[in-house]
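The values are calculated or read from the model by the stated rules, or taken from the named source; none is laboratory data. Just so we're clear, the structure is a prediction, and the values are computed from it rather than from any experiment. Methodologically, a virtual Cβ is constructed for each residue, glycine included, from the backbone with ideal geometry; neighbour enumeration extends over all protein chains shown. When the accessible area is computed, the model is the full protein with side chains, heavy atoms only, and any ligands, DNA or RNA have been set aside. Shrake-Rupley method; radii C 1.70, N 1.55, O 1.52, S 1.80 Å.
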Amino acid sequence: MNKVWIVDLEAVDTRYTGQWKTWIPEVVAKHITSNNLKYEVSVIEGDDNIPEATTPGAFLNFGGTNVYKSSQMTKIARAFTNGDVRSGDIFLYTDAWNPTIIQLKYMSQLLGIPVKIHAFWHAGNYDKNDFLGRLIKDSWVKNFELSLAQAIDYNWFASDYHIKLFRDTYGYDDI
């Protein structure tokens, strides 16, 4: 049976990510069941022993989020090497700003196991109101965001405003 692999963002109880920890898997499972789809849901969580303190001015810990995501990458790579990822599986990222998307695409294509990648964009460097847009001015971040968008099969945005910001920043209409 194929899977919907949910690659979550670390949960912060005072933010929507705290609600999403249980809500998204429940909604996806309910949708699958009510539409008689042949998928099971598997959540790829990161390590839970990351720093709880947030980086000043942000809603997460900049170091801790990378610990969390790096441990997710190990789990994704093991799922591929163990034969758990199958052609036709779906990976749903609750935050598109996750470097494991690039590594997932790499494994999928080189191993010949086609998967579909969906990801939610909340904000990023393309948004001058986000910490990524305020704090990082180097060109690498824009190249990385565009690479993420191109690696993702279905880019989902928080609002039409965010889609417009992304398109205006990158001239990228294929989203």
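Does segment 52-73 contain any residue that is in contact with a helix residue (DSSP H, G or I) (Cβ under 8 Å, 6 or more places away or on another chain), within 20 Å of Phe120 (Cα to Cα) and modelled with pLDDT of 95 or more?
Yes.
Please report, ordered by residue number, the strands (runs of 3 or more DSSP E) entirely within segment 87-175 with at least 2 residues that are open to solvent by less than 20 Å² (accessible area, probe 1.4 Å).
90-93, 116-121
Please verify whether segment 78-98 includes one or more residues that are within 18 Å of Tyr154 (Cα to Cα) and free of Cβ contacts under 8 Å to residues at least 40 places away in the same chain. Step through it out loud before you land on a result.
Taking segment 78-98 first, the residues within 18 Å of Tyr154 (Cα to Cα) are 87-98.
The next check asks that each one be free of Cβ contacts under 8 Å to residues at least 40 places away in the same chain; those that pass are 87.
Taking every residue of segment 78-98 in turn, at least one turns out to be within 18 Å of Tyr154 (Cα to Cα) and free of Cβ contacts under 8 Å to residues at least 40 places away in the same chain.
Okay, residues lined up against (1) touching a helix residue (DSSP H, G or I) at 6+ places or on another chain (Cβ under 6 Å); (2) surrounded by fewer than 17 Cβ atoms within 10 Å (Cβ to Cβ):
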site: Val4; (1), (2): yes, no
site: Asp8; (1), (2): no, no
site: Asp13; (1), (2): no, yes
site: Trp23; (1), (2): no, yes
site: Ala29; (1), (2): no, yes
site: Thr33; (1), (2): no, yes
site: Asn36; (1), (2): no, yes
site: Val41; (1), (2): yes, no
site: Gly46; (1), (2): yes, no
